[in-house]
1. Residue separation times 0.36 nm, minus the C-alpha to C-alpha distance between Asp167 and Lys21: what's the value?
2. How high is the relative contact order of the chain, given as a whole-number percent (alpha carbon pairs under 8 Å, six or more residues apart)?
3. Which part of region 58-94 falls in the paramagnetic zone of Ala121, meaning amide N under 17 Å from the point 7 Å along Cα-to-beta-carbon?
4. Can you tell which of Pro119, Pro170, Pro145 shows the greatest fluctuation in a Gaussian network model of the chain with Cα springs below 10 Å?
5. Let a ≥ b ≥ c be the square roots of the eigenvalues of the Cα gyration tensor of region 30-93; is it rounded (a/c under 1.5), or, if not, prolate (a/b larger than b/c) or oblate?
6. Need the list of lysines near Lys87 for cross-linking: C-alpha distance under 23 angstrom, and skip anything on the same chain fewer than eight residues off.
7. Amide H neighbours of Asn31 under 5 Å, at least 5 residues apart or on other chains, H built in the peptide plane: list them.
8. For Val199, list long-range residues whose amide hydrogen, built 1.01 Å from N in the peptide plane, is under 5 Å from its own amide hydrogen.
Amino acid sequence: MKILLIGATGTIGRAIHHELKEDSEIISVGNTSGDFQMDLGDSNTIAQLYQAITDVDAVVCAAARGVVFEHLIDMNREHYIQSMQSKMLGQIDLVLQGIQYLHADASFTLTTGILNVDPIAKGSAAAMANSAVEGFVKAAAIDMPNRQRINVVSPALLTESQEKLQDFFPGYTTVPGAEVALAYRKSIFGRQTGQIIKVGWS
């Protein structure tokens, strides 16, 4: 299995890499590191990435940069546009361009999170983007060409991120990165499509 892993150096990306490295060929992609570099908010760099690779069986996006976290009173239209561009439109663009390059039976796995279901202060932009990505995945699954599949993984707060983010997530239950990574394995190697795979919450 040849897997294109976007956001490979992030907390979730590292867990996915560790889970899949023994039985898969992983192409790591990051903003400034990895086998290839790509800016999820730049459609041209997404196109360049797909033009540079061949025979990919699965695309996984675990990137999480660019979402604005601020109180609503401090938010403006540009903050929401920035958050949409990185978390929502960037992931959608990965699919729209990728279906042109990936072969039949390939899969896409995108990433959201818990904030559109269990919101936090300063999290309205993240909640908006998560809801949009999940709506896209459920509808796109009906229309994917060549038996291609698409799912989204929605994890709770990662245990590895708890210390850094505890002020944003008071009292939240956490989930280990290794458990989250299994959801990506399920999406890649299973046959589900159009699913929101929840990890650490229900």
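Taken together, the values in this text are just the output of simple stated rules run on the coordinates, not laboratory data. Quick caveat: nothing in here was measured; it's all calculated off a predicted structure. Because the Cβ atoms are built from the backbone with ideal geometry, glycine has one as well, and the counts that use them run over all protein chains shown.
1. On the way: separation 146, 0.36 × 146 = 52.56 nm, distance 3.33 nm.
Residue separation times 0.36 nm, minus the Cα-Cα distance, leaves 49.2 nm.
2. Computed over the chain, the figure is 21 percent.
3. Taking a point 7 Å out along Cα→Cβ of Ala121, the residues of region 58-94 whose backbone N falls under 17 Å are 69-75.
4. Among Pro119, Pro170, Pro145, the largest mean-square fluctuation in the Gaussian network model of the chain belongs to Pro170.
5. Working: a/c = 2.74, a/b = 2.57, b/c = 1.07.
Prolate, since a/c reaches 1.5 and a/b exceeds b/c.
6. Within reach: Lys122, Lys138, Lys164, Lys186, Lys198.
7. Sorted by chain and number, the residues that satisfy this are Met38.
8. So Val199 has HN proximity to Ser154, Ala156.
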